[in-house]
Every structure is written in C-alpha cells, then in structure tokens.
Amino acid sequence: MRLQFKLALYNTLTKVAIVAFLGILILVSISRISINHIQQRLLQKKTKLISNLSGVEINDLLTRQRSFTDYNLLKEEYIVLKEIDNRKTPLKHYFSQEEKNIEGEQEQYQILTADFIYEGKRYRLELGETTSAIAQLEHTISVFTFCVLFAGIILTLISDFAFTRYLLAPFYQIIDQKLNKVNDPISFNYQPVRTGTEDFRILDQSISILMKRITTLFLIEKEFIANVSHELLTPISVLNSRLENLLNDEQLSTAGENKVFACLKTLSRLKSIINSLLLISKVENNQYIKSDSISVRETVNEVFEELEHRLLMLNLKMEIDLKNDFNFNGNQSLFHILLTNLVSNAVKYNVQSGTIKIWGISQKEGYQLFVEDTGNGMDAEEVKNAFTRFEKLRSDREDSYGLGLAIVKSIAAFHNIDISINSQKNKGTSVRLTIPV
C-alpha cells in the first residue's frame, strides 16, 4: 500500500474513532439528560400546582371519592391527587419509572410522588410524564449520529487523500525524475524539485550528491574500460603478429612450431575472454543505445545461417516454428549476440544427431521465445549457477570460458527481457526469453 493511502487511512480511522466515541457518549448521556430534564419539569409543575391550590379546589377535586386522576388528551401527562390517612410516616418525595396500561396501550412514565400537608390534612400528589419522547429523541439522535459519522468518514477520507496527495506530490516527483527515469548517470538532472517540505529538500539534495558520486565512478570505470581495451588488446595483437611471423621462419623446428601454435591458441583465448568481459561491462554500463527495430524471426534466421555449418558437422537438426513474428525496440547487434550464444550452447552441449527447436508464442506478459535442445542437460546446481561468470558445465571442452550465459544475462537485463532455464540431466535444456510488450 502506498504511503499516500496509509496516511489518509490512518487519519480517517483516527477521526472516525473520535467521532464514534463522541457519538456513543452522546447516546449514553442523552437518556440520563432527558430523564433529569423531565424530573425538573415535574418538580416545577408540582411546585406550581401546590402553590396555586386552594382548599375549595381540593374539595372539588376529591368530591365523592378519596382520589382524583386525570390524563391529558394524548396521554403524555397525568396527575393523581388523593388524601392519605397515615400521619405517622414521614412525607415522601421520590421519582420512579413505571409502565401503565391506559385504555389498552402500554406507556412508560417517569413519575414524581410527593406528599404534602394542606390545612392539616395529608395529601399525595403523583405527577407522571411519558418517556416515549425520550425514546424517539434517542432514535433521532442515533440516526443523526450515524449519518454524521458516515458523512465524516467520506469527507475525511476525501480531504485526507487530497491533502496527502498534494503533500507527497514532490516526493513522487523526486522518485520519478531522479530515480525511475535515470538510465545514464551522466545525463542526470540536478535541477532541484520545487517543494516547501524540508524533508523532501534533504532527500532531493542527498540523491543529487549520491548521483554525483556515481557519475564520477561511472566515468572512472569507462576510462578503465577504454584503457583495458588499449593496454591489453594492443600487446596481444602485437604478440600474435610476431608469433605468426615466427611461423614463417624456415629454420623453425617442428617442436618450436607446436609451441608457437600453443602460444597463439592461448593468446586467442585471452583475447576472447577480454572481449567478453568488455562486452559485459559496456552492456551493464548502458554504453549501447536501443534505437533499432528488432524482428525476432529475422534475427533467428540470421543466427541459423551463421551456425548452419556447425549443425551439419554434428548432424544436428534445427526446427524453427515462428509463425507470428514479434518486433521490439532494442540493440540489434546485442540481441543477435544473445541468440547466437544460446544457440551455440545448444549446439555445443547437444548429442550426436540431436535436435534444436526454436519457437515462440504471444502471451499477456509479452512474447515468449524458447530455445530447446536434446543435449546433456544440467542438474539443479548447474542451473542455479548457469549465469555466473566463469562458471562452466562439467565438460572437457576447451572452447568454453564460462562467459556465454553471463553475456546473455547482461544483454537480457539491458533489454528488460526475463530469462529462465529449465533443464533435466541427460534429457535436454529449455531457455525461455520473455520480451515485454
């Protein structure tokens, strides 16, 4: 998950937790607050009723019976007044909550029971008010709180996402311009990214400083490669010429000729190794350009024509099944070297009268090209170390330097081509190239 989403999600969850806590607190408190409010109203009504009550009104209310009960029209309030005879008990004054059945309907009431003495007589006043309004109020507040919470979640998520996107925009710009789009340290853009965040400025400056160091090392390595090309290959060429001239000497003995031929062979081997290492180094340092339009089918056919004589010498059969061609941008000469090395290995380690098959198929992830042979194959340990430099198969061949697959790996990485090997001992090897679309 990206940092932008993590920050937005964290801020949203934090605010939701706070709103949820306050909502629950309101729901828990509203009932108590409402009941206290009703009780205060009942006390006020009791005080007002008793202060305005006269003896004549009491007598009229209690005429023909010892108690008086009255409900208002909606049965939300009621009053009960009755005369009590017990003069020994203290005056009572308390609140209670009871459920009453009024004309077939059950209602919950908050009740104030208060005893008072008027003109020497004891009376009990009971005032009640329904609590259904409280339940309705709690329901309304619950719905309102839920709506506010849901709206708060949406608005918070949108606002936090927008803010973190604005806040992290310089960070992603630094990553994109200073890292992702940099293929050559020499062409690195040192122009600082505009940002008001000090942390991003430090990151930008640190990357620029690091790239300056990498550029310096890169230039030193390029200079070293150029020096190696001149300082090593030139003496080898001079020695090779002198040894060839020595062979023209008529006084040279047979034993001497054999020694000269051995020296020439060693020089050729050394030159081949140096050229291979220089090729790997140049490829890994992006010293080649990828401006060619490469046809897989044409390149495979060119490799086949170049190695056809070796196939005939070993009585090998090559099958090419590339019904659908695939084109991509890259370096034509490097891709040719890649396929040449793969097919050369298939020829080198194949069995007599064996088969080499090259076929391709288009997939969602890209074009897959397979180079398969019926040769000696490799075990798991050999497959694991196949791309390691100077790692040779268990073979007695003197023309193997252990750099062929290392070159293949470097060229594949240069073209963003995924390469994998599937091999079984004494059954053959299959190399798969996945060229991205």
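The values are calculated or read from the model by the stated rules, or taken from the named source; none is laboratory data. Just so you know, these numbers come straight off a predicted model, no measurement behind them. Neighbour counts are summed over all protein chains in view; Cβ atoms, including those assigned to glycine, are modelled from backbone coordinates with ideal geometry. The protein model used for the area step is the full one, side chains on, heavy atoms only, and it has no ligands, DNA or RNA in it. Shrake-Rupley method; radii C 1.70, N 1.55, O 1.52, S 1.80 Å.
What to note about this one:
- Tabulated pairs, segment 242-266, first surrounded by 11 or more Cβ atoms within 10 Å (Cβ to Cβ), second β-branched (Val, Ile, Thr) and not in a loop (DSSP other than H, G, I, E, B), C-beta under 9 angstrom, 6+ apart or interchain: 243/260; 244/260; 246/260; 247/260; 252/260
- In segment 301-334, residue most open to solvent (accessible area, probe 1.4 Å) [restricted to those that are under 20 Å from residue 415 (Cβ atoms) and part of a strand (DSSP E or B)]: 329
- Condition met for residue 195 (at pLDDT 80 or above and farther than 30 Å from residue 8 by Cα): no
- In segment 112-133, residue nearest to residue 45 (Cα to Cα) [restricted to those that are among the polar types (S, T, N, Q) and without any contact (Cβ under 8 Å) to a residue 60 or more places away in the chain]: 113
- Some residue of segment 369-378 being surrounded by fewer than 15 Cβ atoms within 10 Å (Cβ to Cβ) and of a type in the set (Asp, Glu): no
- If you go through segment 283-300 and keep only what is in contact with a helix residue (DSSP H, G or I) (Cβ under 7 Å, 6 or more places away or on another chain), in a helix (DSSP H, G or I) and open to solvent by 40 Å² or more (accessible area, probe 1.4 Å), you end up with just 284.
- The one condition from (1) more than 30 Å from residue 212 (Cβ to Cβ); (2) in contact (Cβ under 8 Å) with a residue 40 or more places away in the chain that residue 168 does not meet is (1).
- Yes/no for residue 203 being among the hydrophobic types (A, V, I, L, M, F, W, C), open to solvent by less than 90 Å² (accessible area, probe 1.4 Å) and over 30 Å from the mean Cα position of the chain (by Cα): no
- Boolean, residue 357 is closer than 17 Å to residue 295 by Cα, open to solvent by 30 Å² or more (accessible area, probe 1.4 Å) and not in a helix (DSSP H, G or I): no
- Within segment 223-238, being more than 12 Å from residue 278 (Cα to Cα) and either hydroxyl-bearing (Ser, Thr, Tyr) or open to solvent by less than 90 Å² (accessible area, probe 1.4 Å) (or both) holds for 234, 235, 236, 237, 238.
- Yes/no for residue 353 being among the small types (Gly, Ala, Ser) and more than 17 Å from residue 419 (Cα to Cα): yes
- Residue pairs whose Cβ atoms lie under 7 Å apart, sitting 6 or more positions apart in sequence or on different chains, and linking a residue in segment 185-210 that is within 17 Å of residue 166 (Cβ to Cβ) to a partner that is outside any helix (DSSP H, G or I), are 201/195.
- Checking each residue in segment 128-155 for being in contact with a Phe, Trp or Tyr (Cβ under 8 Å, 6 or more places away or on another chain) and either part of a strand (DSSP E or B) or open to solvent by 30 Å² or more (accessible area, probe 1.4 Å) (or both) picks out 128, 129, 130.
- When 264, 369, 339, 316 are checked against the criterion of being touching a helix residue (DSSP H, G or I) at 6+ places or on another chain (Cβ under 8 Å), of a type outside the set (Val, Ile, Thr) and modelled with pLDDT under 90, a single residue qualifies: 264.
- Of all the residues in segment 408-419, those that are in contact with a Ser or Thr (Cβ under 8 Å, 6 or more places away or on another chain) and within 21 Å of residue 377 (Cβ to Cβ) number 1.
- Any hit, segment 187-200, residues being over 28 Å from the mean Cα position of the chain (by Cα) and of a type in the set (D, E, K, R): no
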